[in-house]
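The numbers here are math on the coordinates, done by the rules we state, and not lab data. None of the values given here were measured: they were computed from a predicted structure. Note that each Cβ is placed from the backbone with ideal geometry, even for glycine, and that neighbours are counted across all protein chains shown.
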Amino acid sequence: MQDSSAEAAMKRLDILGAISEEPDRLTRQFAGEAMQRAHDEVAEWMRQAGMVVRHDHIGNLRGRYESDTAGTHTLIIGSHLDTVRDAGRYDGPLGVMVGIAAVHRLHDLEKRLPFAIEVVAFADEEGLRFSSTYLGSRAMAGTFDRADLDRTDAEGTTMAEAIATFGGDPSRIGEDAWQGGTLLGYVEVHIEQGPVLERLGVPLGVVTAIAGQARYEITYTGEAGHAGTVPMRGRRDALAAAAEFVLAVERDAESHDGVVATVGQLSVYPGASNVIPGEVALSLDLRHPNEAIRVESTRRILERAREIAARRGVTTRTEQLSDHSSVPCSPRLLALLAKAVEAGGMTPELLPSGAGHDGVPMSALTDVAMLFVRCKGGISHNPAESVTTEDVSVSINVLSRFLELLAKA
Ligand SMILES: [Zn+2]
């Protein structure tokens, strides 16, 4: 069956996919010139869907579809318009386009709901320009950190300057915090960025929680020495300890359901082929959607790091670089999304999100829920990102049904 709104959404995603700062690949940073052009397009699509559009100071684009006269509540539907470097065209913009499409259907039917809908295109989720994520959603949630305004990009432009050039007033970002009265929640449609839905053979999944995430730097210090003259017995090889730890991390995560743990960086000092490694620094990234399990897994793996060091006669030092709690999705909104999936004749598949999303900061403001759309090969942050028109059609239908169910709830 042809679905004109899904086809329109796909066409718009192609248009946005061509709006880039770089000629041969898609890169659209926070408050950049390409973002300005993307805003011009998206603002027009929002207006065509019956929304009143405004830009806030941080650089979010907000389209508001008013409620019927009785309604004083608002539902926020959002995702981000910024991208990583050499990005695909669906990570972020898909959720904005699906939100606009669902509102457009209401507008076509001249239908108002007992609540207003705000579709928000967030200014920055990926953090490419200033290495600081969630700028848009943190401003909206009222948790924007003003110290970030002094951060500089690769050209030496401060965030405050970039915001001013984009048309915002950096001193008034506090006003971007939600002031529109009672919220019903925040809903985001996003590509899965993983292979689970494709393996299950289903177009959509309902997200149960956004995994919490901790990052550490772990340093092993042993003793450097001559590779030819220091006997094997009694060596204090920092890299051998680190290697044992890397495999221990993998084994631990594999044997605990839902834990994902990765050592992605390893630097070896002095790093010469004829020298016993004296010091190794490595990264640890550990995630789990359940907060208690996440904390316990982190404790267990760090304990293992110390145990390996003690047994091998090297010392270890651990520094926490970041720690974000898991965000459970709202059971109320999750149940309505699942019902909306069921009403389409499908079995709702529940899955956690291993990646962070704007729902993380938004959870400080209101209940959050997410719908994942199957993407080819689970590939994201890559020009090969791909979704089908059929799956986009299903996601617009499910979001529309969700709005109807929410209106009755
Ligand atoms: Zn994203």
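Numerical summary
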{"read-out": "Mean projected area in nm² (Cα convex hull; one quarter of hull surface) for region 217-324", "value": "6.7 nm²"}
{"read-out": "Angle between the chain longest axis and helix 291-312 axis [Cα atoms, degrees, rounded to 10]", "value": "20 degrees"}
{"read-out": "Using a Förster distance of 51 Å, the FRET efficiency for L200-A227 (Cβ separation, nearest 0.05)", "value": "0.50"}
{"read-out": "Theoretical ellipticity at 222 nm over the chain - DSSP helices of four or more residues, -39500 (n - 2.57) apiece, nearest 500", "value": "-11000 deg cm²/dmol"}
{"read-out": "Electrostatic dipole magnitude of the chain [Cβ: Lys, Arg +1; Asp, Glu -1; Cα centre; debye, to 20]", "value": "940 debye"}
{"read-out": "Charge-dipole axis of region 101-171 as Lys and Arg at +1 and Asp and Glu at -1 on Cβ define it, positive-most pick from T158, S131, A102", "value": "A102"}
{"read-out": "Farthest positive-ward along the chain dipole, Cα basis, beta-carbon charges - from M46, T347, M10", "value": "T347"}
{"read-out": "Length added when fully stretched, D68-R311, from 0.36 nm per residue minus Cα-Cα", "value": "80.6 nm"}
{"read-out": "Those lysines that a straight Cα-Cα span of less than 30 Å connects to K408, excepting residues fewer than 8 apart in one chain", "value": "K111, K339"}
{"read-out": "Distant-in-sequence amide H partners of N382 (H built 1.01 Å from N, under 5 Å)", "value": "G88"}
{"read-out": "Per-residue HN-Hα couplings for region 321-326 [Karplus 6.51, -1.76, 1.60; θ = phi - 60°; Hz; x = Gly/Pro]", "value": "8, 7, 8, 10, 5, 5"}
{"read-out": "Beta bridges per DSSP with both ends in the chain, % antiparallel, nearest 5", "value": "65 percent"}
{"read-out": "Simple spin-label estimate for E342 and E390 in nanometres, 7 Å along Cα-Cβ", "value": "2.5 nm"}
{"read-out": "Cut-off under 5 Å, modelled amide H: who pairs with G225 long-range", "value": "I276"}
{"read-out": "Label point at E296 placed 7 Å out along Cα→Cβ; residues across region 249-288 whose backbone nitrogen lies under 20 Å", "value": "249-262, 286-288"}
{"read-out": "Magnitude of the charge dipole, region 217-324, Cβ model with Lys/Arg +1 and Asp/Glu -1, debye to 20", "value": "440 debye"}
{"read-out": "Per residue, the convex hull volume that the Cα atoms of the chain enclose (Å³)", "value": "151 Å³"}
{"read-out": "Distance between modelled label sites at S131 and E250, nm, 7 Å Cα→Cβ extension", "value": "2.9 nm"}
{"read-out": "Dipole of the chain [Lys/Arg +1, Asp/Glu -1 at C-beta], most positive-end residue of S330, S386, V189", "value": "S330"}
{"read-out": "Long-range amide H partners of I210 with built H, under 5 Å", "value": "V327, C329, S353"}
{"read-out": "Estimated vicinal HN-Hα couplings, Hz - region 99-106 in sequence order (Karplus 6.51, -1.76, 1.60; Gly, Pro = x)", "value": "x, 5, 4, 5, 5, 4, 4, 4"}
